[in-house]
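The values are calculated or read from the model by the stated rules, or taken from the named source; none is laboratory data. All values reported here derive from a predicted model rather than from experimental measurement. Note that each Cβ is placed from the backbone with ideal geometry, even for glycine, and that neighbours are counted across all protein chains shown.
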Amino acid sequence: MDAIEKINQRHRLIMYYLLFGETQKKIAENMGMSERHLSRITNSPVFQEEFERLSQEMRQKIIDNSAVCQEIIDSATPEAARKLVDLMHNASNDRDRLRAIDLILSYSNLAEEKGKAKLRKPITWTEEQMALFEEGMRTYADEELKKEKEEEKKDIYEIERDFSDLH
């Protein structure tokens, strides 16, 4: 059999298999043909030309989709950052707060290189550092709780004073 003259649906399927990295052996199996017959098809000038056109089209779609994905990620980044900061302040446990802090610090270490940001290696904490952080978080939480209690006392005092003024 000579080289193909016209591309058909089976040829397109072979092209897609090739584009997605399938081996010639596996393609031949899937298509129910010999590897030799497959080789004649794929080495045909008509196939080669159409395969190159399809490859270019696929590359362009990937580039276009990547740009759209990047826009979506870029638009979601501020909200994600706000959520991470919120988690840092309001997590129910020290481990989650520490993880949020670690992520924030990792992302704040972005290095600009001609408009391309690269993340540095995330910060790792030793057990001692973790213990110091947890102690600091507990101290901070205790101080915040004291402030809240003082505010509550002031509020109660003012309510009692206002109530007594009415009588």
If we keep just the residues of the stretch 128-167 that are among the polar types (S, T, N, Q) and closer than 24 Å to L103 by Cα, which is modelled with the highest pLDDT? T139
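Which helices (runs of 4 or more DSSP H) does the stretch 34-127 wholly contain that include 3 or more residues that are at pLDDT below 85, surrounded by fewer than 11 Cβ atoms within 10 Å (Cβ to Cβ) and of a type outside the set (S, T, N, Q)? Write out each step before concluding.
Working: elements: 35-42, 45-90, 94-108.
Because the criterion is at least 3 residues that are at pLDDT below 85, surrounded by fewer than 11 Cβ atoms within 10 Å (Cβ to Cβ) and of a type outside the set (S, T, N, Q), the helices (runs of 4 or more DSSP H) in the stretch 34-127 that meet it are 45-90.
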Restricting the stretch 9-32 to residues that are surrounded by 10 or more Cβ atoms within 10 Å (Cβ to Cβ) and part of a loop (DSSP other than H, G, I, E, B), the one modelled with the lowest pLDDT turns out to be E22
